[in-house]
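Written below as structure tokens is the structure these notes are about.
FYI, it's all coordinate maths here, none of it is from the lab. Computed from a predicted model, the values in this text were never measured in an experiment. Cβ placement follows ideal geometry from the backbone for every residue including glycine, while neighbour counts extend to all protein chains displayed.
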Amino acid sequence: MSNGFSFQPGASVLWRGKRCTIVEAVTASSVLLDVGDGLDKEVVPVSKLRSLKDAEPAQADRSLDGLAPEDLVEAKRRFAIIKPLVRCERRREKDVLGIAEANGICRTTIYDWIRLYEGRRRVSDLAPRRKGRKMPKRLAPEVEAIIASVIDEKYLSTQKASGEEVILEVERRCRAARQETKPCAGSIRARLRAVDPKLKVLRREGKKAAHDKFGAVKGNFPGADVPLAVVQIDHTLLDIMVLDEEMRLPIGRPWLTLAIDVFSRMVVGYHLSLDNPGAFAVGLCLCHGMLDKAAELERLGVKGEWPVWGKPRMIHSDNGKDFRSYLIQDTLDEHDIRYEFRPPKTPHYGGHIERLAGTLARKVHALPGATFSNPKQRGEYKSEAKAQMTLRDLRPWLLNLIVGVYHNKVHSGIGCPPLARWNDGIMGTDRFRGIGLPEPIPNPRRLRLDFLPFIERTVQPEGIVWDKIWYRDPLLSQWVRADEGRRRRKFKVRRDPTDISKLYFLDPRLSDYVEIPYRDIGRPSISLWEYRAVDLAAPPGQSCRERAGDLRRLRGHAPYHHRGGPPNQACPPRTGQETRARQAPRGTDPGPAAPAIGIADKAQGHAAPRRSSGPGGRQPGRRSAEAQADIQRLRLR
């Protein structure tokens, strides 16, 4: 059993600041707690429980971000050895001895690795512990390419080249390419150990051998016999036009990313955004699916229960590049979550998630502002003129549909409501063996950070710059112009696209992320989408300070959708004079000012939508004369 945060009987948790013991699971979302000396018991929702570690002083959070490549390879090798032991329900001594003897490792070492992994269930915790700070060792990209090609051509082939033969071939090709430095044998062996065992057998011995040893090579839906065994994920563009929060003008159709549990057909998680789907949307959807949702439902006023949390065993998706992102795959590897892609030309493999998306799409057609599936269905219906909902309005409507309706309606594929099937899979019935309450995520903040996009940057005296925005904090002073050999040292930073007011800087000494705010504290907290909209509409030569002023007005008043004239008036097309003015060199007179293209419209790649001034239109709220003048001046730039 894990010695981390758990809802299993006998586990210790925090309840109202007091250490309590779980007696048993009462439902799929509540447990019976022993809150005293065995005499006082109480039924408590699991969303109210906390880990005992929450009461302990914060410690450095070690993760794959701070590991050298060879240490990460070693961590994965160790996990591959103990994986059968940490996944089995009953771990017997003879099983541990068998694994130890098969790999030539001391039994005590195997137990140490199990203890390290089960603390947080992160593969990176198995990396070697080194004294002092160790700089990551990287091979030249040309050398890495040579090693990869030799492994692919010689090692992963029916020739079945040995490790020594691979090393000799790599050295020969490095000499032929006149590489100044050649990789050591240990670096090559580390990359050989990192090869997926299933891929190794498949390429060296064939499909039959791989099937005999690892089961089905493609797909694994027969294994979706318990909750969270297989989770499908996909994107869909909703057929509805939404409005912005301030001016109440159409800004586009939102994208919905959905994850569904194949066993129960329960929705595991979702992400709703105006941004095009990508790795970030996938990450947020998976992160939402693994975390408890009770607080979100309460905040949005959604009635019902959504007792889904915990790590899925496998993620299944199509072959889109957003799902094949290294960010997603590395994070799933870190949390021991398998991922499989839909085989080409087999759309039925994604049938569960696509049927759910179709169901939601039909419900959306009943809302004002629906665009329907095609122009024929839409007919003469004016979607933009009829639109009434913002993204903030759409979110609780969507959750009420999922939690209140879909989860409680009989599903034709399983013959019962998804919520009932989920409860059966958790608690157990005569038909299904219950798996018990899933283990919660011990560090939700770190999980979310793992899925955020990252970049490597040097630290300058002014701070760190990303997308022409500077971030600074006194904590960075010790890393200003830090060297790594003959080059400036680069540090990993992450950023949340929904709030770019701060960066998350990976401090090498703390092995954890710290927040770094704007250098200009006057900048507003906005999304990356809003920032790029302002950046696109900025006139040539505008200073950073002036642009920051535009950002403040964007948050203080409204998004700039139009170029002059009343907000409900059609946006005029771009003129040649305006184009020449925007292309004029800095320091020159661009001539008479022409209205600038609307920010939101340019970000969406089309002209502003036409709005009638009749009953279907909406007038903006009243503003002060000074605020109105500011907005009018920005339109005329």
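Positive end of the charge dipole of segment 401-485 (Lys, Arg +1 and Asp, Glu -1 on Cβ, about the Cα centre): tell me which of TRP466, ALA482, ASN443 has its Cα farthest that way.
Of the listed residues, the answer is ASN443.
With r defined as the distance between the Cβ atoms of GLU24 and LEU237 and R0 fixed at 41 Å, what FRET efficiency is calculated, to the nearest 0.05?
0.35
Find the relative contact order for segment 452-517 and round it to a whole percent, using C-alpha pairs within less than 8 Å whose residues are 6+ positions apart.
Reported as a whole number, the value is 31 percent.
Between ILE414 and ARG92, what is the FRET efficiency for a Förster distance of 45 Å, r being their Cβ-Cβ separation, to the nearest 0.05?
With a Förster radius of 45 Å, E is 0.80.
Report the label-to-label distance for ALA102 and ARG487 in nanometres (one decimal), using points 7 Å from each Cα along the Cα→Cβ vector.
Result: 4.0 nm between the two label points.
Can you give the FRET efficiency to the nearest 0.05 for LYS321 and SER525, using r as the Cβ-Cβ distance and R₀ = 30 Å?
Using R0 = 30 Å, I get an efficiency of 0.50.
Please go through the residue pairs LYS48/LYS363; LYS83/LYS154; LYS154/LYS182 and name each one whose alpha carbons sit more than 30 Å apart in this structure.
LYS48/LYS363
For every other residue with a beta carbon closer than 14 angstrom to the beta carbon of LEU419, add +1 if it is Lys or Arg and -1 if Asp or Glu, then tell me the sum.
Taking every other residue near LEU419 into account, the sum is +2.
Can you compute the modelled spin-label distance between ARG355 and LYS83, with each label point 7 Å from Cα toward Cβ, in nm?
3.1 nm
Given Cα pairs under 8 Å that are at least 6 residues apart, what percent is the relative contact order of segment 64-126?
Computed over segment 64-126, the figure is 45 percent.
Please list, or write none, the aspartates and glutamates whose alpha carbon is within less than 14 Å of the alpha carbon of LYS207, excluding same-chain residues fewer than 8 places away.
none
At a 10 Å Cβ-Cβ cut-off, how would you order HIS365, HIS411, fewest neighbours first?
Exposure proxy ranking, most exposed first: HIS365, HIS411.
Subtracting the Cα-Cα distance from 0.36 nm times the residue separation, let me have the gained length for ARG204 to GLU462 in nm, one decimal.
Contour length minus Cα-Cα distance gives 87.5 nm.
For ARG16 and ASP225 in the same chain, what is the full-extension length gain: residue separation times 0.36 nm, less their Cα-Cα distance, in nm?
Net length gain for the segment: 71.6 nm.
Compute the length gained on full extension between ASP499 and ALA177: take 0.36 nm times their separation in residues and subtract their Cα-Cα distance, giving the result in nm to one decimal.
Length gained, ASP499 through ALA177: 111.3 nm.
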